[in-house]
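The values are calculated or read from the model by the stated rules, or taken from the named source; none is laboratory data. This is a predicted model, so every value here is computed, not measured. Here the Cβ is made from the backbone with ideal geometry for all residues, glycine too, and neighbour counts use every protein chain on show. Note: areas computed on protein heavy atoms with side chains; ligands, DNA, RNA excluded. Shrake-Rupley method; radii C 1.70, N 1.55, O 1.52, S 1.80 Å.
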Amino acid sequence: MACIETKQLTLAYGENRVIDQLDVDIPKGKITVLIGSNGCGKSTLLKAMARLLKPRDGTIILDGKEIASTNTKQIAKKMAVLPQGPTAPQELTVFQLVKLGRYPHQSLFNQWTKEDEECVWSALKVTKLTDLANRPVESLSGGQRQRAWIAMTLAQNTDIIMLDEPTTFLDLNHQVEVLDILFQLNRAQNRTIIMVLHDLNLSARYADHMIAVANKTVVASGSPEKIMTEEMIREVFGMESVVATDPLFGTPMCIPYGKGLRPLKLRAVR
């Protein structure tokens with residue numbers, strides 16, 4: 001069952017078409033990862049599905065309704081979006097940042113409730129930030145800061161969470177830490193998670209569903225085991241590789257190589 005669908009979707013910046021007549025389904029309650037080379041349109045596609053970019057043509061359907069005709073506040077109650085490289089005002093504390101996630105649930109006559117308070121502290125607990133709640137966001141490490149932004153999206157308490165490159169600029173330890181939080185959230189609460197990632201092996205490890213974007217369209221979609229092939233990597237990234245099996249997780253693992261340093265063996269282990 002799809003929670004988001006696109007039909008004949010075309011996205012463009014001026015005269016430059018980035019996505020052309022795309023049909024794609026995002027499965028409900030799963031982790032979906034968009035992959036592709038730089039500039040291929042994966043982040044643009046995520047922005048459009050989050051209603052941050054107006055399509056040139058075609059439609060985006062959220063829970064059976066066209067997203068363009070849905071009230072903005074209703075959209076914010078259904079999906080939370082974390083863009084690339086978000087910034088917070090100076091001196092804003094972690095608690096104040098996470099509190100912003102409750103804005104869609106407030107009104108003129110109902111501005112702060114016990115439920116709001118509980119959602120904020122729950123998000124801080126999940127992201128292991130309760131001890132840092134009163135710290136300024138700008139004083140945190142890169143990994144802590146990213147967890148604070150993720151906590152804000154969790155406090156929004158939506159069924160769908162979209163993240164554009166949530167592990168960019170993080171070291172490997174913090175990348176895994178962030179992805180573990182999202183994975184556990186999906187498994188424990190059945191939240192639909194859609195994200196753009198650059199690391200193919202981490203994508204294959206954490207994703208239930210992968211979508212490979214190239215040449216203004218989707219060239220492959222499905223489980224990591226289905227689409228992570230040497231042929232797909234060649235078509236999407238223009239490079240040679242060996243696809244083996246991760247010895248720890250059993251998921252596909254891409255071992256890329258170029259024209260300089262040559263591999264000892266060109267054999268895929270499956």
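Taking all protein chains as present, what is the carbon and sulfur share of the accessible area of segment 155-231, in % to the nearest whole number, probe 1.4 Å?
That share works out to 44 percent.
Roughly what percent of Cα-Cα pairs across segment 17-119 reach past 16 Å?
68
In square nanometres and to one decimal, what's the mean projected area of the convex hull around the Cα atoms of segment 1-69?
Over every viewing direction, the Cα hull of segment 1-69 projects on average to 4.6 nm².
Using just the Cα positions, wrap the chain in a convex hull and report its mean projected area in square nanometres, one decimal place. All intermediate terms of the calculation are to be shown ahead of the outcome.
Values: hull surface 65.1 nm².
Its average projected convex-hull area is 16.3 nm².
In Å², what does the accessible area per residue of the chain work out to with a 1.4 Å probe?
Heavy-atom SASA per residue in the chain reads 52 Å².
Given points 7 Å out from each Cα along the Cα-Cβ axis, report the Asp159 to Ala244 separation in nanometres with one decimal.
Label at Asp159, label at Ala244, 4.2 nm between them.
How many nm separate the modelled label positions at Tyr13 and Leu52, each set 7 Å beyond the Cα in the direction of the Cβ?
1.3
At q = 0.19, 0.26 Å⁻¹, what is the base-10 log of I(q)/I(0) for segment 178-270 according to the Debye formula with one equal point scatterer per Cα and no solvent? Please give it to two decimals.
Once normalised to I(0) and log-transformed, intensities are -0.94, -1.43.
Return the ratio Rg/(2.2 N^0.38 Å) for segment 126-167, where Rg is computed over Cα atoms only.
After normalising by residue count via 2.2 N^0.38 Å, the value is 1.17.
Relative contact order of segment 132-252, please, whole-number percent, based on alpha carbon pairs below 8 angstrom and at least 6 residues apart.
Working: 121 pairs, mean separation 20.2, N = 121.
That works out to 17 percent.
Could you size up the charge dipole of the chain around its Cα centre, putting +1 on the beta carbon of Lys and Arg and -1 on that of Asp and Glu, and report it in debye to the nearest 20?
It comes to approximately 100 debye.
Kirkwood Rh over alpha-carbon pairs of segment 63-129, then Stokes-Einstein at 4 °C and 1.567 mPa s: what D in µm² s⁻¹, rounded to an integer?
For these conditions, the coefficient is 93 µm²/s.
Taking segment 71-193, how many lysine pairs are there with alpha carbons less than 20 Å apart, if each pair must be eight or more places apart or span two chains?
Final tally of qualifying lysine pairs is 8.
More than 12 Å apart: what percent of Cα pairs in segment 206-255 qualify? Intermediate results must be reported in sequence, preceding the final value.
Values: 754 of 1225 pairs.
Counting every Cα pair in segment 206-255, those more than 12 Å apart make up 62 percent.
How long is the gain from Lys114 to Thr72 if the chain were fully straight, where each residue apart is worth 0.36 nm and the alpha carbon distance is subtracted?
Here the segment from Lys114 to Thr72 would lengthen by 12.7 nm.
State the percentage of accessible surface on segment 1-131 attributable to carbon and sulfur atoms; use a 1.4 Å probe and exclude ligands, DNA and RNA.
Ligands and nucleic acids excluded, carbon and sulfur reach 49 percent.
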